[in-house]
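Heads up: the structure comes next, in structure tokens.
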Amino acid sequence: MLRSMDTAQTDSISEAPAAPQEERTARHLRMLARAAEIQMEIMEATRTEAVEAPQPGVDYCRRIDVIAKSLRLTLLLEDKFANHRDDRRKGTAKREAAQEDRHALRVKLAMLAAAYEVSGDQEEVDRRATEVCERVERPEVAELIEASRAEVAVAALCRRWGYPVRVERWLEMADEAMEKLGFLPSEDGEDDPPEAPPKPRPASARKPRPPDTG
């Protein structure tokens with residue numbers, strides 16, 4: 001009966017979903033903090049005993065030294081876990097910021113493509129491009145871009161600024177520009193193949209060696 005209960009408990013534990021990494025790290029930090037507290041309590045109790053009621057034959061300095069080494073290891077582990085958690089959070093924040101920057105750049109390039117397509121001459125292109133660059137930096141426009149999918153943001157800005165609502169066309173041109181700028185991988189995902197090495201010339205085309213006169 002006891003074995004069946006243990007087996008059932010083991011199965012339930014193995015079937016339980018793994019906790020997220022952040023939750024596990026937080027639990028480990030709490031455990032290490034508690035371990036450090038316990039070691040400090042033992043050290044305090046050892047000091048009290050050594051001062052108030054020392055036992056014969058007990059090396060209290062040695063005992064405290066062992067506890068201190070264990071405490072240092074615990075603190076090092078705690079610091080390692082904390083730094084690892086902070087690094088992971090920074091990495092996540094950087095990735096999210098990069099995604100937001102690419103999203104905003106994609107919408108901006110799409111609107112620049114629309115401005116380019118509807119302009120008649122270079123002077124009008126420059127004027128419209130300047131207007132787009134200024135408008136996308138306004139807080140209300142930046143908020144719209146951040147809170148919306150690219151298709152929704154481009155459609156809304158086209159209507160607001162009087163451009164043709166050709167969302168797919170503008171975003172396609174934006175993606176092409178981002179690929180050229182290096183913000184997106186190429187469609188095939190491969191570099192151009194290296195040039196083939198030159199083929200050796202046939203034997204008939206090679207120059208004959210001069211006779212050895214030595």
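The values are calculated or read from the model by the stated rules, or taken from the named source; none is laboratory data. What you see is a predicted model; the values in this text were computed from it and never measured. Methodologically, a virtual Cβ is constructed for each residue, glycine included, from the backbone with ideal geometry; neighbour enumeration extends over all protein chains shown. Calculation scope for accessible area: heavy atoms of the full protein, side chains included, ligands and nucleic acids excluded. Shrake-Rupley method; radii C 1.70, N 1.55, O 1.52, S 1.80 Å.
In this entry, Leu144 is excluded by the filter for residues that are under 25 Å from Glu124 (Cα atoms) and either open to solvent by less than 90 Å² (accessible area, probe 1.4 Å) or not β-branched (Val, Ile, Thr) (or both).
Within region 111-150, the set of residues being of a type in the set (Asp, Glu) and under 33 Å from the mean Cα position of the chain (by Cα) comprises Glu134, Glu137, Glu140, Glu143, Glu146. Here are Glu172, Glu168: which of them is closer than 13 Å to Arg106 by Cα, of a type outside the set (A, V, I, L, M, F, W, C) and surrounded by 12 or more Cβ atoms within 10 Å (Cβ to Cβ)? That would be Glu172, the only listed residue that is closer than 13 Å to Arg106 by Cα, of a type outside the set (A, V, I, L, M, F, W, C) and surrounded by 12 or more Cβ atoms within 10 Å (Cβ to Cβ).
I need the full set of residues from region 110-124 which are touching a helix residue (DSSP H, G or I) at 6+ places or on another chain (Cβ under 6 Å) and either among the β-branched types (Val, Ile, Thr) or open to solvent by less than 30 Å² (accessible area, probe 1.4 Å) (or both), in order please. Those that are touching a helix residue (DSSP H, G or I) at 6+ places or on another chain (Cβ under 6 Å) and either among the β-branched types (Val, Ile, Thr) or open to solvent by less than 30 Å² (accessible area, probe 1.4 Å) (or both): Ala110, Met111, Ala113, Ala114, Ala115, Ser119. Within this structure, Arg106 passes the test of being open to solvent by less than 90 Å² (accessible area, probe 1.4 Å) and at pLDDT below 90.
Any residue in region 59-79 that is modelled with pLDDT of 85 or more, loosely packed, with under 11 Cβ neighbours inside 10 Å, out of contact with any helix residue (DSSP H, G or I) (no Cβ under 6 Å at 6 or more places or on another chain) and not in a helix (DSSP H, G or I)? The answer is yes; a qualifying residue exists.
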